[in-house]
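The values are calculated or read from the model by the stated rules, or taken from the named source; none is laboratory data. Only a predicted model underlies this, so the values are computations on that prediction, with no experimental measurement involved. Positions of Cβ are generated from backbone atoms using ideal geometry, with glycine treated the same way; all protein chains shown enter the neighbour counts.
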């Protein structure tokens, strides 16, 4: 039982009063910044870095980690209530979460998201404890060709998740892919669609696009609606998910947790892909997929579980390989360095108390977040009772400030307004902004990975098929792309055959 | 010691001026009453990167000396070009500074169109900060331990760079051009992904900054081949420099604190004193050691000479070896 003792020592570290306190502080800050759109965990942690100088390494990382996964909880709230996804990984939550809120079931949506987040986070920590050393290598096996295949699969899923017409979804997704090409080319230094504007040199950021298309677009659209027909804000009926809700969502939570854990290990894009894949999976296996987009509880439970599980498993490459998987992990990497601890392959053996202290603190942090968020659900849903005349300008203001804080650039405020108008026009003409935003996020991943792969293969695309992981992923892509078409074809033929004998009688 | 006295006298002056007196004091010129409010330090990279961490490591002790807050503001974009543009447009009063990356001044101009290039001579340099050396690392499975191994392998290789127009690209292009190795550059977005690609065997080799690669080198997950430093860095004493191996490829990342052109001399001196005090702090020295940074705390004139010389040298070298940093070839 020698292998267990460092794990138990880790619990002893967590239960020191000081560490408990900083864990609580971290998750509270995280939840608050999650609620504020724009201000992300990476920027917050960077700002709070000096605060950790005087702390012990384990205490400071416990707090910083708390900010990171706490933000995942908080981000759901604005997605559901205001249709404002704070991060790319909660875009799909908007579809059904906001639809539920409009039906007066905001409490149910937030409650199930909190329960899903808790379950996803906790499952992921258990898995991390048991298998971290074995799955860490998974992150290294994913090279550019694998990301190319994954991004392709993701973009295909984008088309399936959207509501409304397939053609309109494809048009929106194509526009998203086009927007992803803006900026200085990463491979040859050529400006693309920047119009000589330095603020566009690094391309567009996710935040102004999502906030404009979803948040501001929604506000503009609602203002017009209000002039036409006075629509009373939906009465908030049940605050808690009922037992039937829980039963309905439990499968989605389980599947979302597994997907989130696996995809979260991948550096870059893991969390977005996991929430998207979890949502697509639920919609695909649902008996009535048409419920999705109109307040299906699985459509909230699956992605919210997945993105929290992914947030937790993204610690695996950092703590066991010394590779930061995303921007927030990069800042935590920096924080560890300042503390005199170099994250790397030997971290677990050289600093077991740090590794297990941080990992075990996440159990506690998740419990704290669940305890905090459930009672707050009742409080937050009251936001919906605020009159639109007051709520709309406040939301618009928060959105604009949030967009500014990402890069401290006034240009981004202009972008939000631009995309807000675009979002309004899209909604009026029956386009769903979801595929646009998701395709935008995946577009740059697809392009850079594809071009990197071709450089590695010396221009020969056959290389994708000879690598096991990318080969399997491409096979999945074909399956997902071809299967529905084949099924309809089969269906039609069967219907035809059925009709032939009946015609003989 | 001298700067502490200066700091104390500034505090006295501030205290006196707060009482409303001291108008006839000779110390009431702009330089010695500076700063009267918070100083902003722009960083052209995202929070959490090397440049950002350096800015934050300096901001705290500098603020203690200046007795006013020193805040770090990230304005990422165009390799730091966005922040440099903002700095150029800011008022030249010493309240807006920037941690300037040397590569923006002496490598990026070789890769981008002339009108996009940033000229460091259009700014005032407060002080040099530190240098970051590049190291070439190989995945152990390649069996490469020296440059000779790579040459003798007589096969085309792939190398990861941290981006187009970076020191990581320049140093490897120079090395492989001189060693006549058929090498393909694969640009990644920063040091961590480039290193990950080498760790996972996606590419044969990668050049990353020493601080980024150190833990993987120590763990034996990647093999250090050469550094591109002038002499062997104290942090990696057993790895030869490219120079020692017979190649002209001296490439470093260098950082400096920079102010807009025309900032008053007294203000610049006051700021330099504050940063020198920060450099002297043990905690900052430990930070340098942790990140494998070599101090280069020279004055503004020396730094400008260093950077201009680097730019001219690199321009000559890439012409000589027909290297196209824009990646279009």
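Of (1) within 14 Å of another protein chain (Cβ to nearest Cβ); (2) over 16 Å from the mean Cα position of the chain (by Cα), residue A:101 satisfies all except one. Which?
Failed condition: (1).
Which of the numbered conditions does residue B:315 fail, given that it passes all the others? Conditions: (1) part of a helix (DSSP H, G or I); (2) under 18 Å from the mean Cα position of the chain (by Cα); (3) farther than 29 Å from residue B:69 by Cβ.
(2)
Given segment A:36-135, what helices (runs of 4 or more DSSP H) lie entirely inside it while holding 1 or more residues that are at positive phi and touching a helix residue (DSSP H, G or I) at 6+ places or on another chain (Cβ under 8 Å)? Can you show your working first?
Values: elements: A:41-52, A:57-82, A:91-102.
It comes to none.
If we keep just the residues of segment A:362-389 that are modelled with pLDDT of 85 or more and over 22 Å from the mean Cα position of the chain (by Cα), which is nearest to residue A:242 (Cα to Cα)? Quick ask: steps written out before the conclusion?
In the first step, residues of segment A:362-389 are kept if they are modelled with pLDDT of 85 or more; the result is A:362-372.
Subsequent filtering for residues that are over 22 Å from the mean Cα position of the chain (by Cα) retains A:364, A:371.
On the way: A:364: 26, A:371: 18 Å.
That would be A:371.
Could you check how many residues of segment B:203-248 are over 21 Å from the mean Cα position of the chain (by Cα), touching a residue at least 60 places away in the same chain (Cβ under 8 Å), on the phi < 0 side of the Ramachandran plot and within 14 Å of chain A (Cβ to nearest Cβ)?
Matching residues across segment B:203-248 total 7.
Just to be sure before I move on: is residue B:177 surrounded by 19 or more Cβ atoms within 10 Å (Cβ to Cβ) and either touching a residue at least 40 places away in the same chain (Cβ under 8 Å) or over 20 Å from the mean Cα position of the chain (by Cα) (or both) in the structure I sent? Spell out how you get there, then give the answer.
Values: surrounded by 19 or more Cβ atoms within 10 Å (Cβ to Cβ): no; either touching a residue at least 40 places away in the same chain (Cβ under 8 Å) or over 20 Å from the mean Cα position of the chain (by Cα) (or both): yes.
Here the answer is no, as residue B:177 does not meet what is asked.
Considering only residues of segment B:181-202 that are at the interface with chain A (Cβ under 7 Å from one of its Cβ atoms) and outside any helix (DSSP H, G or I), which is modelled with the lowest pLDDT?
Checked segment B:181-202; the qualifying residue modelled with the lowest pLDDT is B:189.
Report, by residue number, each residue of segment A:401-448 that is assigned to a helix (DSSP H, G or I) and in contact with a strand residue (DSSP E or B) (Cβ under 8 Å, 6 or more places away or on another chain).
A:407
Find the residue count for segment B:105-147, including only residues that are farther than 29 Å from residue B:52 by Cβ and in contact (Cβ under 8 Å) with a residue 60 or more places away in the chain.
Taking segment B:105-147 first, the residues farther than 29 Å from residue B:52 by Cβ are B:140-147.
Remaining after also requiring in contact (Cβ under 8 Å) with a residue 60 or more places away in the chain: B:140-142, B:144-147.
So the answer is 7.
Take the residues in segment A:185-214 that are in contact (Cβ under 8 Å) with a residue 60 or more places away in the chain and not in a helix (DSSP H, G or I), then tell me which one is farthest from the other protein chains (Cβ to nearest Cβ).
Here the answer is A:204.
It is to be established whether one or more residues within segment A:169-177 are in contact (Cβ under 8 Å) with a residue 12 or more places away in the chain, out of contact with any helix residue (DSSP H, G or I) (no Cβ under 8 Å at 6 or more places or on another chain) and either crowded, with 19+ Cβ neighbours inside 10 Å or farther than 19 Å from residue A:85 by Cα (or both). Write out each step before concluding.
The first filter runs over segment A:169-177 and keeps only residues in contact (Cβ under 8 Å) with a residue 12 or more places away in the chain, leaving A:169-177.
Now narrow it down to the ones that are out of contact with any helix residue (DSSP H, G or I) (no Cβ under 8 Å at 6 or more places or on another chain): A:171.
Now narrow it down to the ones that are either crowded, with 19+ Cβ neighbours inside 10 Å or farther than 19 Å from residue A:85 by Cα (or both): A:171.
Within segment A:169-177, one or more residues are in contact (Cβ under 8 Å) with a residue 12 or more places away in the chain, out of contact with any helix residue (DSSP H, G or I) (no Cβ under 8 Å at 6 or more places or on another chain) and either crowded, with 19+ Cβ neighbours inside 10 Å or farther than 19 Å from residue A:85 by Cα (or both).
What do you reckon, is residue A:296 in contact with a helix residue (DSSP H, G or I) (Cβ under 7 Å, 6 or more places away or on another chain) and in a helix (DSSP H, G or I)?
Details: in contact with a helix residue (DSSP H, G or I) (Cβ under 7 Å, 6 or more places away or on another chain): yes; in a helix (DSSP H, G or I): no.
The answer is no for residue A:296.
Condition (residue is closer than 30 Å to residue B:34 by Cβ and part of a loop (DSSP other than H, G, I, E, B)) applied to segment B:95-116: is it met by at least one residue?
Yes.
Looking at (1) assigned to a helix (DSSP H, G or I); (2) within 13 Å of another protein chain (Cβ to nearest Cβ), which is the one condition that is false for residue B:176?
Among (1) assigned to a helix (DSSP H, G or I); (2) within 13 Å of another protein chain (Cβ to nearest Cβ), the lone unmet condition for residue B:176 is (2).
Considering only segment A:331-343, state which residues are at pLDDT 80 or above and either part of a helix (DSSP H, G or I) or at positive phi (or both).
Those that are at pLDDT 80 or above and either part of a helix (DSSP H, G or I) or at positive phi (or both): A:331, A:332, A:333, A:335, A:336.
If you go through segment A:181-193, how many residues are farther than 17 Å from residue A:416 by Cα and surrounded by 18 or more Cβ atoms within 10 Å (Cβ to Cβ)?
Start the filter on segment A:181-193 by keeping residues that are farther than 17 Å from residue A:416 by Cα, which leaves A:181, A:183-193.
Right, trim to surrounded by 18 or more Cβ atoms within 10 Å (Cβ to Cβ) and you get A:183-187, A:189, A:191.
Residues meeting the conditions: 7.
In the list A:270, A:322, A:340, which residue meets the criterion of being surrounded by fewer than 24 Cβ atoms within 10 Å (Cβ to Cβ) and within 14 Å of chain B (Cβ to nearest Cβ)?
Working: A:270 fails: surrounded by fewer than 24 Cβ atoms within 10 Å (Cβ to Cβ); A:322 fails: surrounded by fewer than 24 Cβ atoms within 10 Å (Cβ to Cβ).
Step by step, each of A:270, A:322, A:340 is checked, and only A:340 is surrounded by fewer than 24 Cβ atoms within 10 Å (Cβ to Cβ) and within 14 Å of chain B (Cβ to nearest Cβ).
Within segment B:65-102, track down each residue that is in contact (Cβ under 8 Å) with a residue 60 or more places away in the chain and within 23 Å of residue B:288 (Cα to Cα).
Selection gives B:65, B:66, B:79, B:97, B:98, B:99, B:100, B:101, B:102.
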